[in-house]
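The values are calculated or read from the model by the stated rules, or taken from the named source; none is laboratory data. Since this is a predicted model, take the numbers as computed values, not measurements. Here Cβ is always computed from backbone atoms with ideal geometry, including for glycine, and neighbour counts include all displayed protein chains.
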Amino acid sequence: MAAREFTHDYYAVLQVSEDADENTIKSSYKRIALRNHPDRNQVPNATAEFQKLQEAYEVLRDPHQRHRFNAQLSRIRRDAAVRISSASNRESYFNCNGQSTQLYEQSIYELERKLCDLRNESAKLHQDCDAKLQKLQKHKAAIQRLLTQDYEAAKEDDKRNTWMSFLTMNGYTRPEQAQRKRAATLRTCNRRDHEDIVRDLEAERDRISVKMVSLHVEISQIGVQK
């Protein structure tokens with residue numbers, strides 16, 4: 001059986017870098033699929049583009065298919081550049097600005113290269129954002145655990161500090177009181193450390209989100225120029 005021949009740059013379709021891991025590929029696929037699903041985007045070729053997205057995901061998530069795809073990647077990108085060049089030649093010997101075909105092709109090449117750089121940068125930002133979100137979840141979970149421990153400790157204190165506990169000698173001894181106080185202080189310090197980290201991570205996440213929006217605008221503008 002002949003090897004399957006790929007025609008699209010699936011890394012560009014999924015907006016990930018060539019070294020993206022499975023989790024990054026899956027995260028990017030879900031994000032783009034949610035945004036570009038044909039039911040939500042009544043635009044020409046929406047279904048075809050969504051099918052291309054699904055195909056890209058199926059290929060890149062499978063190690064064997066991805067290996068075969070990577071072996072063809074240089075040819076895929078070379079063919080894409082040739083198609084762009086051929087289309088411009090068929091359109092006219094001179095473009096609308098009066099540039100020669102050679103200069104026009106050079107401008108197209110520069111736009112393609114810039115677009116590729118922007119997509120790679122966007123993919124890197126998506127990876128960074130995903131990493132920040134994972135860290136945020138980790139530290140928020142730690143904060144919740146500490147709050148739960150504070151709540152359980154407070155319930156135990158209420159139970160031990162009743163009049164009946166005093167009569168039955170079931171209260172805390174002084175060493176126990178000192179130990180519980182140290183534990184409460186340590187939990188408070190740890191919680192504040194986690195809260196500081198959460199604030200920093202949220203600020204970094206917001207900064208990355210702003211940069212991603214800016215990149216998407218720039219990518220769209222290049223698409224219009226092409």
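Starting from residues that are part of a helix (DSSP H, G or I) and loosely packed, with under 15 Cβ neighbours inside 10 Å, keep the ones in the range 37-51 and report whichever is nearest to the chain's Cα centre (by Cα).
Within the range 37-51, the match that is nearest to the chain's Cα centre (by Cα) is Gln51.
Look at Leu133 and say whether it is at pLDDT 75 or above and of a type outside the set (Asp, Glu).
yes
Quick grid of which residues meet (1) over 20 Å from Asn120 (Cβ atoms); (2) at pLDDT 90 or above:
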residue	(1), (2)
Ser17	no, no
Tyr29	no, yes
Ile32	no, no
Thr47	yes, no
Tyr57	no, yes
Asn70	no, yes
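Residues in the range 166-182: is at least one modelled with pLDDT of 80 or more and touching a helix residue (DSSP H, G or I) at 6+ places or on another chain (Cβ under 6 Å)?
No.
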